[in-house]
Amino acid sequence: MQLFPCPFCGPRSEAEFHFGGDAGNVRPDEDEVSADRWSSYLYMRHNQKGMSPSIWMHMTCGELFQLDRDTLTHSVAGSKALTEGGHR
Amino acid sequence: MTRHYSALSVFKEGLNSQKGWQKAWRSPEPKKRYDVIVVGGGGHGLATAYYLAKNHGIRNVAVIERGWIGGGNTGRNTTVVRSNYFFPQSVALYDLSLKLFEKLSSELNYNIMLSQRGMLSLAHSMPEMEMAARSANAMQINGVDAELLSRDQVRELLPLYNFSKESRYPVHGAVIQRRAGTARHDAVAWGYARAADRFGVDIIQNCEVQDFIQNGGICCGVRTTKGEILADRVGVAVAGHSSQMAERAGFRLPVVSYALQACVSEPVKPALDTVVLSPATGTYVSQSDKGEMVVGGGLDRIPSYSQRGNLPVLETAIAGLLEMFPSFRQLKLMRQWSGIVDVVPDSSPILDETPLPGLFINCGWGTGGFKAIPAGGTLLAHLLATGRHHDISRPFGLDRFSSGRLIDEAAGSGITH
Ligand SMILES: Cc1cc2nc3c(=O)[nH]c(=O)nc-3n(C[C@H](O)[C@H](O)[C@H](O)COP(=O)(O)OP(=O)(O)OC[C@H]3O[C@@H](n4cnc5c(N)ncnc54)[C@H](O)[C@@H]3O)c2cc1C
Ligand SMILES: [Zn+2]
């Protein structure tokens, strides 16, 4: 079992976390959003092989945060609360 | 030289000290140019090459595989074949596949060991039983053989199941598809490879496709570890690595790659003669012809490109298995592995020309594309040969993600494999 670092609770079992998609996938907030733009926001993913900044929920505390992990080696480079570093 | 497999050729080769058998396929160096290149030597890629030659007469074809053919998910899956889906579009697709499977051994002159032993999806409560009735009805309306079984009928089929009062997952009934079953995974890859090779298709192993050659915004070949190879059209069937290929071609896909695990026990005498799935535990099991219990569970819900599974998910699958079949506690596990599967939000595949003209894709089969190999190959071959959709593949195009016409099998049939 792997431990993931929740910025609020510290290292916890991987089983407590839920993957929430690519970091930086910002919800369109223009007045007119085209179907393609919506589809891109809702469904299209980078799905990187290697280091991949992604959004996760720690289901135990309910907080969302950014986790930088390598999808090939499963190593974790770090995590931060979404309020840090200019997230919207 | 013995090429055709038959009882007579086995007998003759026995007299000949087995010296006349030929290699099942050649290992040629790539030519400079092909009519069609198929990237990925899994079942879908090999079947595509075979049907290009057989259905469309296009024989100047190469399959380019990074490792060895069938070394991806095709050689790692738990070999369940069935067509008991919920939506008519899916049933058209998967039933085409099952029908092709039913005559594949003789068509390919290669024994794929199809065993239509039936598959039971269990219902563990009254509400689940109602959902089971709904899905059996949907299947019957779609023309697929499905029957609702009572608890007693299940008991007859699964004498080793835990029917005691204390059972954590009591059985209220089940849906059975009797035409479902298993087939030998390697044989499907090898059978298609051998038959495609006979038509003149070049199967090139140990050759990685690294990029696409583009000319005027059109795909006209691939850059590989063995150099550049030109083609009029390129098809991609690389499962969990589809997003990498898309990135090279300049677009994104609605795909996330996850590890899916399976394991087998030591071989034992025949004890289970159907495939059993418990949607509640997420566990499914069948007994291989060698006697091993082949066990699978749900996805590792952590995006991954590493072909190894994580322990909590394996524990959940095994815990579910032992609740269902307490006597399996005595079994020792022999092997555990995982494959990287390409999961799409609606759990349905993608078959289409991509945003890069000349480049076509077959992906998104996720946890359940072994059963779809004959259909996936037929349909990608049709797209590559004609540039147009077959009626059966049209609903599975990329445009469904902007039109909203998703085919949500995860919600519809609630089954992942
Ligand atoms: C544990 C497990 C259990 C499963 N159980 C079932 C089941 O019971 N029933 C069912 O129907 N399905 C099942 N599946 C799903 C099924 O295995 C897959 O959907 C199916 O095999 C996909 O076939 P494919 O040909 O698309 O992919 P693959 O067989 O993975 O082939 C893709 C090939 O592309 C190659 N490749 C990748 N990148 C490149 C590149 N850049 N250049 C060249 N080649 C490349 C890979 O090496 C690989 O050989 C299971 C999967 C797993 C992992
Ligand atoms: Zn937390």
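For every residue, the table says whether it meets (1) touching a Lys or Arg at 6+ places or on another chain (Cβ under 6 Å); (2) farther than 28 Å from B:Ala132 by Cβ.
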{"site": "B:Ala259", "(1), (2)": "no, yes"}
{"site": "B:Lys269", "(1), (2)": "no, yes"}
{"site": "B:Thr274", "(1), (2)": "yes, no"}
{"site": "B:Thr281", "(1), (2)": "no, no"}
{"site": "B:Gln287", "(1), (2)": "no, no"}
{"site": "B:Gly291", "(1), (2)": "no, yes"}
Checked pairs for the stretch A:42-69, first outside any loop (DSSP other than H, G, I, E, B), second within 16 Å of ligand 1 (Cβ to nearest atom), C-beta under 6 Å and 6 or more apart or across chains, list as A:Arg45/B:Val256; A:Ser52/A:Thr71
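If we keep just the residues of the stretch A:42-79 that are more than 16 Å from ligand 1 (Cβ to nearest atom) and among the hydroxyl-bearing types (Ser, Thr, Tyr), which is surrounded by the most Cβ atoms within 10 Å (Cβ to Cβ)?
Restricting to residues being more than 16 Å from ligand 1 (Cβ to nearest atom) and among the hydroxyl-bearing types (Ser, Thr, Tyr), the top hit is A:Ser54.
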Per the list (1) part of a helix (DSSP H, G or I); (2) more than 24 Å from B:Val234 (Cβ to Cβ); (3) within 15 Å of ligand 1 (Cβ to nearest atom), residue check on B:Ser327 breaks on (3)
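State which residue is surrounded by the most Cβ atoms within 10 Å (Cβ to Cβ) when the search covers only the stretch B:355-398 and only residues that are among the polar types (S, T, N, Q) and within 15 Å of ligand 1 (Cβ to nearest atom).
Residue satisfying both the conditions and the ranking: B:Asn362.
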When the stretch A:10-41 is checked residue by residue, the ones that are surrounded by fewer than 16 Cβ atoms within 10 Å (Cβ to Cβ), over 27 Å from A:Ser75 (Cβ atoms) and within 12 Å of chain B (Cβ to nearest Cβ) are A:Val33, A:Ser34, A:Ala35, A:Asp36, A:Arg37, A:Trp38, A:Tyr41
Restricting the stretch B:20-51 to residues that are among the β-branched types (Val, Ile, Thr) and within 14 Å of ligand 1 (Cβ to nearest atom), the one nearest to the other protein chains (Cβ to nearest Cβ) turns out to be B:Val39
By my count, helices (runs of 4 or more DSSP H) wholly in the stretch B:348-417 with at least 1 residues that are farther than 19 Å from B:Leu277 by Cβ and modelled with pLDDT of 95 or more are B:373-386, B:400-403
Take A:Thr83 and tell me if it is more than 16 Å from ligand 1 (Cβ to nearest atom), of a type outside the set (Gly, Ala, Ser) and away from chain B (no Cβ under 12 Å). yes
Those residues of the stretch B:262-287 which are of a type outside the set (A, V, I, L, M, F, W, C) and under 17 Å from the mean Cα position of the chain (by Cα) amount to B:Tyr284, B:Ser286
If we keep only residues of the stretch B:275-313 that are of a type in the set (Ser, Thr, Tyr) and either at pLDDT 95 or above or within 20 Å of B:Ala123 (Cβ to Cβ) (or both), then the residue surrounded by the fewest Cβ atoms within 10 Å (Cβ to Cβ) is B:Ser288
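Residues are listed down the side, and each one gets a yes or a no for (1) within 15 Å of ligand 1 (Cβ to nearest atom); (2) assigned to a loop (DSSP other than H, G, I, E, B); (3) more than 23 Å from the chain's Cα centre (by Cα):
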| residue | (1), (2), (3) |
| --- | --- |
| B:Asp152 | no, no, yes |
| B:Ser167 | no, yes, yes |
| B:Val175 | no, no, no |
| B:Ala187 | yes, no, no |
| B:Trp190 | yes, no, no |
| B:Ile203 | yes, no, no |
Pairing a residue in the stretch B:231-243 that is under 15 Å from B:Ala381 (Cα atoms) with any residue that is of a type in the set (A, V, I, L, M) and away from ligand 1 (no atom under 11 Å from the Cβ), where Cβ atoms lie under 7 Å and the two sit 6 or more apart in sequence or on different chains, gives B:Ala231/B:Val36; B:Asp232/B:Val36; B:Arg233/B:Val36; B:Arg233/B:Leu384; B:Val234/B:Leu359; B:Gly235/B:Val36; B:Gly235/B:Leu384; B:Val236/B:Leu359
Flagged in the stretch B:52-76 as crowded, with 24+ Cβ neighbours inside 10 Å and either aromatic (Phe, Trp, Tyr) or within 6 Å of ligand 1 (Cβ to nearest atom) (or both), in numbering order, are B:Ile64, B:Glu65, B:Gly72, B:Asn73, B:Thr74
Please verify whether the stretch B:47-69 includes one or more residues that are within 12 Å of B:Ile373 (Cα to Cα), in contact (Cβ under 8 Å) with a residue 12 or more places away in the chain, touching a Leu at 6+ places or on another chain (Cβ under 7 Å) and not in a loop (DSSP other than H, G, I, E, B).
yes
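The values are calculated or read from the model by the stated rules, or taken from the named source; none is laboratory data. If you're wondering where the values come from, they're calculated on a predicted model, not measured in any experiment. Counting neighbours? That spans all protein chains shown, and the Cβs are built from the backbone with ideal geometry, glycine included.
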